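For reference, the structure is listed below as C-alpha cells.
The values are calculated or read from the model by the stated rules, or taken from the named source; none is laboratory data. Everything numeric in this text was worked out from a predicted model, so none of it was measured. Here the Cβ positions follow ideal geometry from the backbone for every residue, glycine too, while neighbour counts run over all protein chains shown. What goes into the accessible areas is simple: the full protein's heavy atoms, side chains included, and nothing from ligands, DNA or RNA. Shrake-Rupley method; radii C 1.70, N 1.55, O 1.52, S 1.80 Å.
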Amino acid sequence: MKLVSIPRDSRVYIPEVSKKDKITHAHAYGGPKATVETVEELFDVPVDYYVKLNFQAFTEIVDSL
C-alpha cells in the first residue's frame, strides 16, 4: 500500500474533460471515476481501491485514534 499526498492546487491533466486544471476539480467534473483516472494519469500507476468518507467520519476516526 502506498499513501501519497497531492497538493490540492496541483495543475494536472484531467482526462474527463481533456484539459489541465487543478486536481481538486477532477471530482467536480466526474466524481470518483474522474479523480481515479486523473491520479492514474498523473502517476502512471493503476488505482485499484480508494476510500471516500465525509468530514464527520474523518473527525470520528481522528477522535478514536
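The number of residues in the stretch 10-40 that are among the aromatic types (Phe, Trp, Tyr) and not in a helix (DSSP H, G or I) comes to 1. Screening the stretch 12-40 for residues that are acidic (Asp, Glu) and either open to solvent by less than 80 Å² (accessible area, probe 1.4 Å) or modelled with pLDDT under 95 (or both) and picking the one that is farthest from LYS2 (Cα to Cα) gives ASP21.
The set of residues from the stretch 4-24 being among the acidic types (Asp, Glu) and within 20 Å of VAL45 (Cβ to Cβ) comprises just one member, GLU16.
This table checks each residue for (1) touching a Lys or Arg at 6+ places or on another chain (Cβ under 8 Å); (2) in contact (Cβ under 8 Å) with a residue 24 or more places away in the chain; (3) not β-branched (Val, Ile, Thr).
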{"site": "ILE14", "(1), (2), (3)": "yes, yes, no"}
{"site": "LYS20", "(1), (2), (3)": "yes, no, yes"}
{"site": "PRO32", "(1), (2), (3)": "yes, no, yes"}
{"site": "VAL39", "(1), (2), (3)": "no, yes, no"}
{"site": "LEU42", "(1), (2), (3)": "no, yes, yes"}
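Within the stretch 45-65, residues that are open to solvent by 80 Å² or more (accessible area, probe 1.4 Å) reach partners that are of a type in the set (A, V, I, L, M) and assigned to a helix (DSSP H, G or I) with beta carbons closer than 7 Å, at six or more positions or on different chains, in the pairs TYR50/VAL36.
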